[in-house]
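The values are calculated or read from the model by the stated rules, or taken from the named source; none is laboratory data. Nothing here was measured: the structure is a model prediction, and the numbers come from that model. So basically every Cβ, Gly included, is an ideal-geometry build from the backbone, and we count neighbours across all protein chains shown. Calculation scope for accessible area: heavy atoms of the full protein, side chains included, ligands and nucleic acids excluded. Shrake-Rupley method; radii C 1.70, N 1.55, O 1.52, S 1.80 Å.
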Amino acid sequence: MRRAGRIALAATAGVLAGLHARSRQRRPGHLAELAGSDPVQDHERIARVTAQWEFPWDTETALSLALFRTFAVPSISTVLASSRAFRDEPRRRYDDTELLLAEVQEHGVATERGRAALRRVNRMHAAYDLDPDDMRYVLSTFVVQPDDWIARFGWRPLTDAEREAAWRFWRAVGQRMGVTDLPEDRRTLVAFSRDFEARSFVFHPDNHRVADATMRMYLAEVLRIPAPLRPLAQRAVLALLEPPLVAALGYPAPPRWLRVVVPAALRLRARVLAWFVPPRRRPVRLTERPRPSYPGGYDIAQLGTFPHRRPVTDPVAGDRGAPTRREVPGPTRRGHHRVDTGEVTLDVEVRRPPRPVVGTPVLLVSGLGAQRTDWPPGLVDALLASGREVITFDNRDAGLSEGCDERPGDERDLERWRDGEPFEVAYTLSDLRDDALAVLDHLGLDAAHVLGRSMGGMIAQRLAAEAPERVVSLTSMQSTTGAADVGQPSEAAMEAIARPTPPTREAVIAASLERNRITGSPGLIDEDAVRARLEAAYDRAYRPAGTTRQLLAILAEPDRTPLLGTITAPTLVVHGDRDTLVAVSGGRATAAAIPGARLEVVEGMGHDLPAPLIAPVARVITDHLDAAER
């Protein structure tokens, strides 16, 4: 074996020496197509050309070997081992990982297929307790490992623009996966990745279990190495990995001659490509490759590894007949989240019910200037008690979500609107709809019940009409259609909301209390409770400029009546007969416009939800959610 190694080494060295004098590449590649491209603005396109046209085999191989790096981290390998997917179905797990990443890279982060793939990844991750550092490290391998591989074995070096574009592409992916504290530049990410490996590559039995199952599959099914040659091929693969990594995976060190011959052979391949192989005529798309795991083709909704689902008896169905049994997926990520939509960062909270989850989560969409903390606790508790997760978030320009202070839209535009003149807006309700979708994507939810109040009802209506597959049911509360002849405020309510912004905290709270007296439920207002809520909201975030921009988005909204006619989700419309801010005619028109919608007019309710009305309103809503899931 040693003699064979020396002969192979000498032959390889001789060929490389012959090519060394002609080391300048002749192959033009596709770099000319990227001339003038900006790695900041055009990072998706540059990354796509690099991975699909210039270095498809190198990128795929580097990312395949990057899997083994993640297996060398015990906190990662133990999670993978617990899922049993790498042991029981290693090929399917490999295909799922490759396909989900390829869907995003080939189609783009913001496309429907890209978003569906990221939603699936997020849903999968949400089912496990993952360490943020581990998630940052896994993401870093998508940037660092292809770069390292191409630097060693590529037919040409990557350009600075290609490196920067790859970093920016995967950073955008990480943001939509909820990976926190991502470095601001590529150099810092690389340093983090190297340091993490130095600290975390430690042997654990699960490292070897997961790596060995994957290695056997990789050699037999991906590389298709004949069985007699697989022991040698395994050592050749290990010869490409650093000794500390090999040791952490629990493998014996490969022979020294292989550590010389295998890299030399790959460098020879690079020289041949650079000199003798013309540029690729069509891209390599991994999504088009036949997959043994999916011989009839795949659906993104099939992909991913999840804990075993559990049948659950639905106690809510008790008074409607025999209890039903359904399968409930693993949990979304409870607690606090910062969700990057690609435009702004939103503040989100997921609350879990006190008993087992038996239904689809509920997404609550807040109204004009309202914060996620403004939802009546009694309503949230009732939704939780029905066995559903409750998701609340601050709209952009409200609460702790990012604002749009650098965009147009201010008091002067409101004056222009009052005068019937053209005015500017910072965003539209369609943008706020996309923000809500980004929350669902981040949490890995294919669909949810959507409940919106006031402006949130308008956003929810757009969500149900324009992304019907994402909405299990719609509840439009204290909202309207956008038609000019319905849902208009009373003169007193309009005057109250049009008053100038007060200068002090006490003045703001006093003005808000006065406005609540005009728009709230007559005779049912607990002013002490309202004052406490207003004080807490002011102290959390007081953002009048953001409220103005949201109001301008409402004023720029066209009549949605034709759009509402396309909604297919089961719909409940809830409105108070004493609402002076959005007249009850708005609720009636909404219910009339949506096919099959049910209208619930609540006697005595204004544009609020006082404590005496929470229980009956919550009962109507939870009954609606239950009916939509039957």
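Couple of notes before you dig in:
- VAL574 meets the conditions (1) aliphatic (A, V, I, L, M); (2) surrounded by fewer than 17 Cβ atoms within 10 Å (Cβ to Cβ); (3) touching an Asp or Glu at 6+ places or on another chain (Cβ under 6 Å) in every case but one. The failed one is (2).
- Considering the range 243-255, the residues that are in contact (Cβ under 8 Å) with a residue 12 or more places away in the chain and either hydroxyl-bearing (Ser, Thr, Tyr) or part of a helix (DSSP H, G or I) (or both) include one that is surrounded by the most Cβ atoms within 10 Å (Cβ to Cβ), namely ALA248.
- Breaking point among (1) of a type in the set (A, V, I, L, M); (2) open to solvent by 60 Å² or more (accessible area, probe 1.4 Å); (3) in contact (Cβ under 8 Å) with a residue 24 or more places away in the chain; (4) closer than 30 Å to ASP131 by Cβ, for VAL260: (4)
- Filter result for PHE276 (of a type in the set (Phe, Trp, Tyr) and open to solvent by 60 Å² or more (accessible area, probe 1.4 Å)): yes
- Taking the criterion of being open to solvent by less than 20 Å² (accessible area, probe 1.4 Å) and of a type in the set (D, E, K, R), the residues of the range 148-170 that qualify are ARG156, GLU162.
- Looking across the range 444-455, the residues that are farther than 22 Å from ARG334 by Cα and either of a type outside the set (Lys, Arg) or open to solvent by less than 10 Å² (accessible area, probe 1.4 Å) (or both) come down to SER454, MET455.
- When LEU432 is tested against (1) of a type outside the set (Asp, Glu); (2) crowded, with 21+ Cβ neighbours inside 10 Å; (3) under 19 Å from ALA110 (Cα atoms); (4) at pLDDT below 95, exactly one condition is not met: (4).
Listed here are the residues, each with its yes/no results for (1) closer than 30 Å to THR341 by Cα; (2) of a type in the set (Asp, Glu); (3) surrounded by 15 or more Cβ atoms within 10 Å (Cβ to Cβ).
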position: GLU184; (1), (2), (3): yes, yes, no
position: ALA191; (1), (2), (3): yes, no, no
position: ARG194; (1), (2), (3): yes, no, no
position: VAL202; (1), (2), (3): no, no, no
position: ASN207; (1), (2), (3): no, no, yes
position: THR214; (1), (2), (3): no, no, yes
position: LEU219; (1), (2), (3): no, no, yes
position: ARG224; (1), (2), (3): no, no, no
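- In the range 278-297, the residues that are in a loop (DSSP other than H, G, I, E, B) and touching a residue at least 12 places away in the same chain (Cβ under 8 Å): PRO278, PRO279, ARG280, PRO283, VAL284, ARG285, ARG291, PRO292, SER293, TYR294
- Of the helices (runs of 4 or more DSSP H) entirely within the range 128-229, those holding at least 3 residues that are of a type in the set (A, V, I, L, M, F, W, C) and within 20 Å of GLY304 (Cα to Cα) occupy 132-153, 205-217.
- Residue match in the range 166-175 (condition: farther than 30 Å from SER82 by Cα and charged (D, E, K, R)): yes
- Among the residues listed as ALA593, ALA597, ALA615, ALA611, the single one being open to solvent by less than 50 Å² (accessible area, probe 1.4 Å), out of contact with any strand residue (DSSP E or B) (no Cβ under 7 Å at 6 or more places or on another chain) and not basic (Lys, Arg): ALA593
- Within the range 97-128, considering residues that are of a type in the set (Asp, Glu) and touching a residue at least 40 places away in the same chain (Cβ under 8 Å), the one farthest from GLY297 (Cα to Cα): GLU106
- Failed criterion for ARG26 (all others in (1) in contact with a helix residue (DSSP H, G or I) (Cβ under 6 Å, 6 or more places away or on another chain); (2) modelled with pLDDT of 60 or more; (3) surrounded by fewer than 18 Cβ atoms within 10 Å (Cβ to Cβ) hold): (2)
- Residue count, the range 393-404 (criterion: open to solvent by less than 10 Å² (accessible area, probe 1.4 Å), at negative phi and either in a loop (DSSP other than H, G, I, E, B) or not hydrophobic (A, V, I, L, M, F, W, C) (or both)): 6
- Residue count for the range 520-534 under the criterion of being within 13 Å of PRO612 (Cα to Cα) and open to solvent by 60 Å² or more (accessible area, probe 1.4 Å): the result is 3.
- Residue within the range 547-568 that is of a type in the set (Val, Ile, Thr), open to solvent by less than 40 Å² (accessible area, probe 1.4 Å) and more than 28 Å from TRP417 (Cα to Cα) present: yes
- Tally of residues being modelled with pLDDT under 90 and among the aliphatic types (A, V, I, L, M) across the range 278-295: 0
- Odd one out for LEU268, checked against (1) at pLDDT 70 or above; (2) open to solvent by less than 30 Å² (accessible area, probe 1.4 Å): (2)
- ASP181 modelled with pLDDT under 95 and at positive phi: yes
- Of the helices (runs of 4 or more DSSP H) lying entirely inside the range 53-122, those containing at least 1 residues that are of a type outside the set (A, V, I, L, M, F, W, C), within 30 Å of ALA274 (Cα to Cα) and open to solvent by 20 Å² or more (accessible area, probe 1.4 Å) are 56-71, 90-107.
- GLU424 passes every criterion in (1) of a type in the set (Asp, Glu); (2) assigned to a loop (DSSP other than H, G, I, E, B); (3) without any contact (Cβ under 8 Å) to a residue 60 or more places away in the chain apart from (3).
- Candidate set: the range 418-429, residues that are open to solvent by less than 20 Å² (accessible area, probe 1.4 Å) and not aromatic (Phe, Trp, Tyr); chosen: the one nearest to the chain's Cα centre (by Cα): LEU429
- Pairs meeting the criteria (first residue in the range 603-614 and in contact (Cβ under 8 Å) with a residue 60 or more places away in the chain, second residue outside any loop (DSSP other than H, G, I, E, B) and crowded, with 17+ Cβ neighbours inside 10 Å, beta carbons under 6 Å, at least 6 apart or on different chains) are MET605/GLY576; MET605/LEU613; GLY606/THR519; GLY606/GLY576; HIS607/THR519; ILE614/LEU379.
- Residues of the range 231-242 that turn out to be assigned to a helix (DSSP H, G or I) and either in contact with a helix residue (DSSP H, G or I) (Cβ under 9 Å, 6 or more places away or on another chain) or open to solvent by less than 30 Å² (accessible area, probe 1.4 Å) (or both), as a count: 7
- On the stretch given as the range 591-609, residues that are part of a loop (DSSP other than H, G, I, E, B) and under 12 Å from PRO570 (Cβ atoms) total 4.
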